[in-house]
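Asks: If you scroll down you'll find the structure; I have some questions about it.
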Amino acid sequence: MPQQFELPSPAGGRRRLAAAWLKLGVLALLASGAFSILLVLSRTPTVYELIPWLDFFHTALVVHVDLSVVIWFLAFAGALWSINGRPGEHGWDWLAFGLAALGTLVIALAPFLGAANPLMNNYIPVLQDPRFLGGGGLVAAGFTVLVIRSLMTRVPLNHAWNATDALRVGLLYSRVAALIALLAFGASFLSIPPDVHGSSYYEFLFWGGGHILQFTHSLLLMVSWLWLAHASGHRVPLRGHTGILLFSPAFSPVLIAPLIYLINPVMSAGHREGFTELMRFGGLALLPLGLVVLAATLSRCRPDERLRPLRAALLSSLLLFAVGGILGYLIRGANVVIPAHYHGSIVGVTLAFMGMAYLLLPRLGYAAPTGRLPSWQPWVYGLGQLTHILGLAISGGYGNIQRKTAGGAQGLDQLPEILGMGMMGLGGLIAIVGGLMFVIVMIRALWFLPRND
């Protein structure tokens, strides 16, 4: 008999807390989408010549990345961890949420309050301005409290080793990975000499912990894929105890991270290379669970129209994550193949979380998404992002267009480069439409439709 890869619906305080984190993530995506419009236009051939505020590009890029990747992912982690928490709520739970929500608001408003000086370091780019950094500090404090509280309040395993236990193990591993990432940020902070400033400082600060945090997102992705595959009506060819065993290698690269810190100083080339290789080969540990989910999607499923949004999100997530992973092995130099790679991987995670958001709505007391809009949304968003990253990959592979450039600085002087970046722009605009569709569906359900309590 197929096992049920799902968690029980939360009740009471846990339901309210999970819903609050989900709302924060949706609002972060909404704000990020506003900044993404500027980003796409400022890199699209011909169009960028009409934009008078091109100097705003890097400032917008920093805020867009932090909202759409850092805060959206952390907020969704908060939603999933809250669902898997014990009944009830505590002031510390809401303190974590309140700090993160206030910090998010400050980050989104910072550019309009005069914050500038963008630093394009990896993982968590920043505006070197007290207002922006203060908002980031609030988010970091909220996330730290969230991780500690989630480890304290998680539902223990019942040792039945069933499918639900497998998901709980995946969520536990993601919490531990997040804790190790926070410790890594702290170790880097204490190791950087006081005379290091600017972009170099934040590059060293976020490099190790940023890599580790990606495994938190990847583990949450695996939990989401299994849950979505089951909820979509597919038969998951996996027993609960086997699922637990497969989550362990997916988590194991995280345990190597402390060794990198012990062997290589934070500012050494060995430290940087160690985490680069950890990400390159550690990601292969996700392959067994990914193949299981892929096999599940090939099985017959129930012909239920209400499940179409979940299936669309699952399939498009698998596609984008796979394309992003493949592009990661094709990187040669610091060109736009790099953002093509991480856009594919990040969007693969985002699509899975979008599908999970649709799945969680009725479990949190809101109306389930219905109609064509949620059914088409993952495909529109996924197709746009696929076109976007393939355009970047073509331009980076043929020419040498550098990442994090815009307008005339891109050096578009050959036809394949121009076509590739034009393809990037078109895909980006389609993806913006897909993202807007998601936000419309979620805002309508979360704030305007009658609740099902």
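The values are calculated or read from the model by the stated rules, or taken from the named source; none is laboratory data. Predicted model only: the values in this text are computed from it and were never measured. Neighbour counts run over all protein chains shown; Cβ positions are idealised from the backbone, glycine included. Note: areas computed on protein heavy atoms with side chains; ligands, DNA, RNA excluded. Shrake-Rupley method; radii C 1.70, N 1.55, O 1.52, S 1.80 Å.
Asks: If you go through segment 127-148, how many residues are over 18 Å from PHE215 (Cα atoms) and buried (at least 23 other Cβ atoms within 10 Å of the Cβ)?
Replies: 5
Asks: Given the structure, is ARG235 of a type in the set (D, E, K, R), open to solvent by 20 Å² or more (accessible area, probe 1.4 Å) and closer than 21 Å to LEU318 by Cα? First the steps, then the outcome.
Replies: Values: of a type in the set (D, E, K, R): yes; open to solvent by 20 Å² or more (accessible area, probe 1.4 Å): yes; closer than 21 Å to LEU318 by Cα: yes.
The answer is yes for ARG235.
Asks: Could you please find all residues in segment 251-309 being more than 26 Å from ALA229 (Cα to Cα), assigned to a loop (DSSP other than H, G, I, E, B) and among the aliphatic types (A, V, I, L, M)?
Replies: If the condition is that a residue be more than 26 Å from ALA229 (Cα to Cα), assigned to a loop (DSSP other than H, G, I, E, B) and among the aliphatic types (A, V, I, L, M), then VAL266, MET267 are the ones that fit.
Asks: For residues in segment 169-200 being open to solvent by less than 40 Å² (accessible area, probe 1.4 Å), of a type outside the set (A, V, I, L, M) and at pLDDT 95 or above, which is farthest from ASN121 (Cα to Cα)?
Replies: Looking at residues that are open to solvent by less than 40 Å² (accessible area, probe 1.4 Å), of a type outside the set (A, V, I, L, M) and at pLDDT 95 or above, I get GLY170.
Asks: Going residue by residue through segment 151-165, is there one that turns out to be more than 29 Å from PHE5 (Cα to Cα), open to solvent by 20 Å² or more (accessible area, probe 1.4 Å) and assigned to a helix (DSSP H, G or I)?
Replies: Among the residues of segment 151-165, not one is more than 29 Å from PHE5 (Cα to Cα), open to solvent by 20 Å² or more (accessible area, probe 1.4 Å) and assigned to a helix (DSSP H, G or I), which makes the answer no.
Asks: Here's a follow-up. Given (1) within 23 Å of ARG363 (Cα to Cα); (2) modelled with pLDDT under 80; (3) β-branched (Val, Ile, Thr), identify the lone condition not met by VAL439.
Replies: Failing condition for VAL439: (2).
Asks: Same structure again: Residue pairs, Cβ under 8 Å, 6 or more apart or interchain, first in segment 356-375 and at positive phi, second in a loop (DSSP other than H, G, I, E, B). List them.
Replies: GLY365/ARG451; GLY365/ASN452; GLY365/ASP453
Asks: Determine which member of the set ALA116, ALA141 is at pLDDT 95 or above and more than 16 Å from LEU67 (Cβ to Cβ).
Replies: Exactly one of ALA116, ALA141 is at pLDDT 95 or above and more than 16 Å from LEU67 (Cβ to Cβ), namely ALA141.
Asks: Would you please name the residue that is nearest to the chain's Cα centre (by Cα), looking only at residues in segment 72-92 that are open to solvent by 10 Å² or more (accessible area, probe 1.4 Å) and closer than 18 Å to ALA141 by Cβ?
Replies: Filtering first and then ranking leaves LEU74.
Asks: If you don't mind, another one. For LEU361, only one of the following conditions fails: (1) modelled with pLDDT under 85; (2) surrounded by 21 or more Cβ atoms within 10 Å (Cβ to Cβ). What is its number?
Replies: Only one criterion in (1) modelled with pLDDT under 85; (2) surrounded by 21 or more Cβ atoms within 10 Å (Cβ to Cβ) is unmet by LEU361, namely (1).
Asks: Residues in segment 216-228: is at least one closer than 27 Å to VAL62 by Cα, of a type in the set (S, T, N, Q) and open to solvent by less than 10 Å² (accessible area, probe 1.4 Å)?
Replies: Yes.
Asks: Is one or more of the residues making up segment 48-62 modelled with pLDDT under 85, open to solvent by less than 30 Å² (accessible area, probe 1.4 Å) and aromatic (Phe, Trp, Tyr)?
Replies: Looking for residues that are modelled with pLDDT under 85, open to solvent by less than 30 Å² (accessible area, probe 1.4 Å) and aromatic (Phe, Trp, Tyr), one finds at least one in segment 48-62, hence yes.
Asks: From the list ARG168, ARG131, pick out the single residue that is touching a strand residue (DSSP E or B) at 6+ places or on another chain (Cβ under 8 Å), at negative phi and among the basic types (Lys, Arg).
Replies: Sole residue among the options that is touching a strand residue (DSSP E or B) at 6+ places or on another chain (Cβ under 8 Å), at negative phi and among the basic types (Lys, Arg): ARG168.
Asks: Further question: Search segment 317-343 for residues being in a helix (DSSP H, G or I) and open to solvent by less than 20 Å² (accessible area, probe 1.4 Å), and hand back the single one that is modelled with the highest pLDDT.
Replies: Looking at the filtered set, the residue picked out is SER317.
Asks: Give all pairs with beta carbons closer than 6 Å in which a residue from segment 295-310 that is modelled with pLDDT of 85 or more meets a residue that is hydroxyl-bearing (Ser, Thr, Tyr); count only pairs at least 6 apart in sequence or on separate chains.
Replies: LEU307/SER232; ARG308/SER375; PRO309/TYR358; PRO309/SER375; LEU310/SER232
Asks: Answer yes or no: is there a residue in segment 409-420 that is closer than 19 Å to LEU61 by Cα, hydrophobic (A, V, I, L, M, F, W, C) and either at pLDDT 50 or above or in contact with a Lys or Arg (Cβ under 7 Å, 6 or more places away or on another chain) (or both).
Replies: no
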